[in-house]
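Written out below as C-alpha cells is the structure these notes cover.
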Amino acid sequence: MFAVLPSFLKRSCYRWFFGYKVGKRVRIGLSIIDARQCSLADDVSIGHLNVVTRVEKLTIGDHARIGHLNIIRGGAEVSLGRYSEIIRLNEINSIPDPEVVNEIDPRFILGDGSIVTTGHKIDFTDRVEIGRRVILGGRNSSLWTHNRQRTLPITIGANVYIGSEIRMAPGSAIPARSIVGIGSVITAPLAVYLSIRYWSRPLSIVPRWRWRFVVAIMVALAQIGVWVALGIFFFGAQRRVRG
C-alpha cells in the first residue's frame, strides 16, 4: 500500500508505522521494502519496481543508490555501503531455511563505493562480502554460495574489476586489486593461486619470497590434477559397469 505513495509521505509512514530509520533527502520510488529492521542514511535513492522482502536487517549508507527492477530477498542482513550502487535487473537472493549440513551466515555486504551493474544473480545463502570500490561490471554474472547440501562463503577484495558473465563457485575468493576478465570461472584452484601469488591481497599462506609464483602454480595445478584424476576414475568405473 505504501509503495504507491509519494516519496515524502512514504518516508513518514515508514518511520511511524514500521519504526524504520529514514534519513534526510531519502527518495523512494514505486518499490516495496519489507524488512524487520531498516536503516536508510541521508541522500539514499531507491528507484521504481524494486522488491526488498523477507530481509531481517537492511542497512543502506548515505548517497547509496538502488536503481530499478531489482530483487533483494531473504537473509539475516543486507548492508550497502556509502556511495554504493545496485543499478537494475539484479537478483540478490538467500534461500530461506536451506537444508544444509553446516552452519550458515546469510549476509550480503557491499562495500563503500562499489557497483553491481545489470542482470547479475548473487546467491547469499551463505555470506557474500564485496570490498570497497569494486565493480561487478557488464551483465549476467552468477555468484553461488551453495550446492545441494553445503554452503561456503564468497569474498571479493577491494578495488576489483569484474567483467561480464563470470561465475564464482562456493568458497571462491578474489583478492584485492585484481581484474577478472569476461567469462571467467572462479573456483578453488584459481582462488588458491591468486591468494598465494599476491601476498598482501589478502595475506597469503606462503611467506613472501621470489619462488612464490612457482609455489602458487604448483599448488593450483595439484588441486586441478586431483580433480582430473577423480573424474577419470569415476568415468572409468561407470564405463566398466556399463560394459
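Annotations
- Segment 105-166 holds strands (runs of 3 or more DSSP E) entirely within its bounds, and those carrying 1 or more residues that are closer than 17 Å to residue 182 by Cα map to 115-118, 121-123, 135-139, 154-156.
- The one condition in (1) crowded, with 18+ Cβ neighbours inside 10 Å; (2) over 17 Å from the mean Cα position of the chain (by Cα); (3) in contact (Cβ under 8 Å) with a residue 40 or more places away in the chain that residue 45 fails to fulfil: (3)
- Residue match in segment 55-62 (condition: assigned to a strand (DSSP E or B) and either surrounded by fewer than 16 Cβ atoms within 10 Å (Cβ to Cβ) or free of Cβ contacts under 8 Å to residues at least 12 places away in the same chain (or both)): yes
- Residue count for segment 18-53 satisfying the condition of being touching a His at 6+ places or on another chain (Cβ under 9 Å), at negative phi and assigned to a loop (DSSP other than H, G, I, E, B): 9.
- Selection within segment 73-108 - within 17 Å of residue 53 (Cα to Cα), among the hydrophobic types (A, V, I, L, M, F, W, C) and buried (at least 19 other Cβ atoms within 10 Å of the Cβ): 78, 80, 86, 92, 95, 108
- The lone exception for residue 115 - which of (1) farther than 16 Å from residue 136 by Cβ; (2) surrounded by fewer than 19 Cβ atoms within 10 Å (Cβ to Cβ) it fails: (1)
Here, each number is a calculation from the coordinates, and none is a lab measurement. These numbers were taken from a predicted model, which means no experiment stands behind them. FYI the Cβ positions are ideal-geometry reconstructions off the backbone, even for glycines, and counts take in every protein chain you see.
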